[in-house]
Amino acid sequence: MKDIKSMTLEELTEEVQDLGEKAFRGTQLYEWMHKKLAVDFGEMTNLSEKLRSRLSEEYEYTTLSVVTTRESEKKDTRKFLFELADGNRIESVWMKYHHGNSVCISSQVGCRMGCRFCASTLDGLERNLTASEMLEQIYAITRLTGERVSNVVVMGTGEPLDNFENLIRFIALLTSEKGLHISARNITVSTCGIVPQMKRLAEEKLQITLALSLHATTDEKRKKLMPIANAYSINELMDACKYYFEQTGRRISFEYSLVGGVNDTDEDASQLIVLARSVGAHVNLIPVNPIEERDYVQSGAKRVRSFLQKLEKGHINATVRREMGRDIDGACGQLRRRMKGE
């Protein structure tokens, strides 16, 4: 069956015409799915009963089932465990900020990148998510919270650039004026650094923010933390970052997880200044979040402050990511394919 919720408006218009319907039915159908967030064809009351019946027989309509929800003590973060149609499960996180609501979504069931400090990769990769499964995480959370989502970060389980075609389709649908119409500038895509795909993304000339998970300033250290570093050197990564900026005019963001005694020295800070300056990157410092299968520890508060101050003295735009959802294993690096303990 065709995945109707992953179709663009143009594809959908063609599809309904092939069914013998007028072209405007495609727009109506699209808006029911992507603006009104209908949970099934039955809700689409301005479509004929005959058409709705035919659509339900011939097309797959992606929705997610909520398995469990956990809320942080501060009430500013909720983590959702969703079940997909094939029984696989993914996690998504809703975060409430003063400037609006953000949702962190998954792009794959599992992950094959093997980063040492991340829970998402522990079970390996099961499969890619479709564009509709990525969208539906946002749609389901919007329905469940009753609040508009203004920012989307593709930083949950999975490596987004390892699911390139579906990612690009997802962004097109999410930014469409006929759908939720979230600005591309309010979308951040994270990558561990697949250089060819970074360049390919650059050529799409999207106005999204690309966040590079750097986490180390030398190839030797990066290889210990991230297996992808065996394929692409830091020099190759910096070249890809420059290319991305040249193609899009969008500044790259460096994600840098501070691991106590591993990558948080003054020397690391000095090297990070050189790298960030070379591509005009903003640096987002993330005190590494604990996962029970790994023995990495968070840098102490004093070390984090010292590291940040050194970057600022080097005239690097840097921030320490606000910790949200750590008490519910909903923080950076803690998402899994299922709730812990299941």
Subset of segment 185-223 [buried (at least 18 other Cβ atoms within 10 Å of the Cβ) and hydroxyl-bearing (Ser, Thr, Tyr)]:
Thr188, Ser190, Thr191, Thr209, Ser213, Thr217
By residue number, the members of segment 239-260 that are of a type in the set (D, E, K, R), part of a loop (DSSP other than H, G, I, E, B) and over 23 Å from Lys310 (Cα atoms) are Arg250
Return the residue satisfying two criteria in turn: it lies in segment 1-49 and is of a type in the set (A, V, I, L, M) and touching a Gly at 6+ places or on another chain (Cβ under 7 Å), and of such residues it is surrounded by the most Cβ atoms within 10 Å (Cβ to Cβ).
Leu12
Output the residues belonging to segment 224-252 that are closer than 22 Å to Glu267 by Cα, crowded, with 20+ Cβ neighbours inside 10 Å and of a type in the set (Gly, Ala, Ser).
Ala229
Look at segment 57-70 and say how many of its residues are assigned to a helix (DSSP H, G or I) and either surrounded by 13 or more Cβ atoms within 10 Å (Cβ to Cβ) or at positive phi (or both).
0
Is it the case that segment 101-114 has a residue that's assigned to a strand (DSSP E or B), modelled with pLDDT under 95, more than 26 Å from His34 (Cβ to Cβ) and within 17 Å of the chain's Cα centre (by Cα)?
yes
Restricting to segment 192-225, and then to whatever is out of contact with any Asp or Glu (no Cβ under 8 Å at 6 or more places or on another chain), of a type outside the set (D, E, K, R) and under 16 Å from Phe254 (Cα atoms), can you tell me which residue is modelled with the lowest pLDDT?
Leu225
The residue from Asn128, Asn88 that alone is farther than 26 Å from Tyr30 by Cβ, touching a Gly at 6+ places or on another chain (Cβ under 9 Å) and modelled with pLDDT of 95 or more is Asn88
Out of curiosity, is Met33 closer than 18 Å to Glu177 by Cβ and at pLDDT 95 or above?
yes
Kindly indicate whether any position in segment 9-29 is within 28 Å of the chain's Cα centre (by Cα), part of a strand (DSSP E or B), of a type in the set (Asp, Glu) and under 15 Å from Leu135 (Cβ atoms).
no
Among Glu58, Glu43, Glu83, the single one that is more than 26 Å from Thr191 (Cβ to Cβ) and without any contact (Cβ under 8 Å) to a residue 12 or more places away in the chain is Glu43
For Leu173, all conditions in the list (1) touching a strand residue (DSSP E or B) at 6+ places or on another chain (Cβ under 9 Å); (2) at pLDDT 95 or above hold save one; what is the number of the exception?
(1)
Ile182 vs (1) within 21 Å of Met226 (Cα to Cα); (2) of a type in the set (A, V, I, L, M, F, W, C); (3) under 16 Å from the mean Cα position of the chain (by Cα); (4) surrounded by fewer than 22 Cβ atoms within 10 Å (Cβ to Cβ): all pass except (1)
What strands (runs of 3 or more DSSP E), lying completely within segment 123-238, carry at least 3 residues that are over 24 Å from Glu71 (Cα atoms) and either in contact (Cβ under 8 Å) with a residue 60 or more places away in the chain or outside the structural domain of Arg251 (by TED's automatic domain parsing) (or both)?
209-213
Residue list for segment 261-300, filter: surrounded by 20 or more Cβ atoms within 10 Å (Cβ to Cβ), in a loop (DSSP other than H, G, I, E, B), of a type in the set (Val, Ile, Thr) and at pLDDT 80 or above:
Val262
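The values are calculated or read from the model by the stated rules, or taken from the named source; none is laboratory data. Every value quoted in this text rests on a predicted model; they were computed, and no experiment measured them. Quick reminder, even Gly has a Cβ in these numbers, built from the backbone with ideal geometry, and neighbours come from all protein chains shown.
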